[in-house]
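Single-structure report; data block below.
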Amino acid sequence: MDSFDLSGRVAVVTGSGQGIGRAIAWGLADAGCDVVLNARRIPDLEETARGVEERGHRALIVPGDIRDLSESLADEAMATFGRIDIWVNNVGGSDEKTTRMLVDTPDDIFRSQLELNLTSAFQGCKAAAKRMKPGSSIVNISSGAGMRGSPFTGPYAAAKAGMNNLSQTLALELAPDIRVNTVAPGPVATEAFDEVLNTGGQLEAIAATIPLGRMGEPDDIAGAVLYLASDAASWVTGQLILVAGGRTQRSHDYRPRTDGAP
């Protein structure tokens, strides 16, 4: 179990104001990290920071839109803690709460999605790699949508598909000093998930398409990140872990049995 101990290390988690990002930040603190937090809403960050501190570790809040902020974020982390051991590019989603076909997507919306979900991760990886020592780890948070066709959320899916390739390329280029891996969440019941996809409270219907029988929770994703960030994964790089309850790009036609059979 010592290989999961992250005591004395410093982690940066973007998009850590709520949801998956908050769970990742708290999970890293549970494992021993001081954590640098970033999101746009300061009250959300303050709540995440309190959770880190309640776990006995230091939290640094760096508010702002991560687009073009990565260098400043890294500088503040180094100025405060003197090191960056783990960098989690978690920011993602959509500022627009409308779904549409790709051919009906305005160019500016497409560009915005690439900037938020792909370019910001590219910038974060660059900022982290320049400051990390050998043995450090970058974890990018992608999406199951980036592993298959994704009707009506095409720009987001295209950006996450790009992130998957970005991670694999960086893993080869930065080896053996820095490991780069990706976690792709399936449907996780967060406020942002419901807003973007307009589920209208139909989460039970979505859960019925998942072989393990439930929606994901933020802690499910945090667990995968903790593994990849730890020494337990010291021989793992360039990998994509899909955390989706068995729901893969080939299992969307799954339906639970109703005849009582196992």
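A few remarks follow.
- Remark: pairs (first residue in the range 162-182, surrounded by 13 or more Cβ atoms within 10 Å (Cβ to Cβ); second residue part of a helix (DSSP H, G or I) and modelled with pLDDT under 95; Cβ separation under 8 Å; 6+ apart in sequence or on different chains) = Gly162/Gly146; Met163/Gly146; Asn164/Gly146; Asn164/Met147.
- Qualifying positions in the range 48-64 - in a helix (DSSP H, G or I) and either among the hydroxyl-bearing types (Ser, Thr, Tyr) or surrounded by 15 or more Cβ atoms within 10 Å (Cβ to Cβ) (or both): Thr48, Ala49, Gly51, Val52
- Checking each residue in the range 86-124 for being without any contact (Cβ under 8 Å) to a residue 40 or more places away in the chain and either basic (Lys, Arg) or not in a helix (DSSP H, G or I) (or both) picks out Asp95, Glu96, Thr98, Pro106, Arg111.
- Number of positions in the range 112-153 that are among the basic types (Lys, Arg) and modelled with pLDDT under 95: 1
- Looking only at the range 190-220, and only at residues there that are part of a loop (DSSP other than H, G, I, E, B) and of a type in the set (A, V, I, L, M, F, W, C), the one that is modelled with the lowest pLDDT: Ala208
- Restricting the range 1-27 to residues that are assigned to a loop (DSSP other than H, G, I, E, B) and of a type in the set (A, V, I, L, M, F, W, C) leaves a set whose member that is modelled with the lowest pLDDT is Met1.
- Of all residues in the range 128-161 being buried (at least 23 other Cβ atoms within 10 Å of the Cβ) and β-branched (Val, Ile, Thr), the one that is farthest from Ser234 (Cα to Cα): Ile141
- Residue in the range 170-189 that is modelled with pLDDT of 90 or more, over 24 Å from Leu114 (Cβ atoms), of a type in the set (Gly, Ala, Ser) and part of a helix (DSSP H, G or I) present: no
- Residue match in the range 67-87 (condition: farther than 16 Å from Val10 by Cβ and at pLDDT below 95): yes
The values are calculated or read from the model by the stated rules, or taken from the named source; none is laboratory data. This is a predicted model, so every value here is computed, not measured. When we count neighbours, we look across all protein chains shown, and the Cβ atoms used for this are built from the backbone with ideal geometry, even at glycine.
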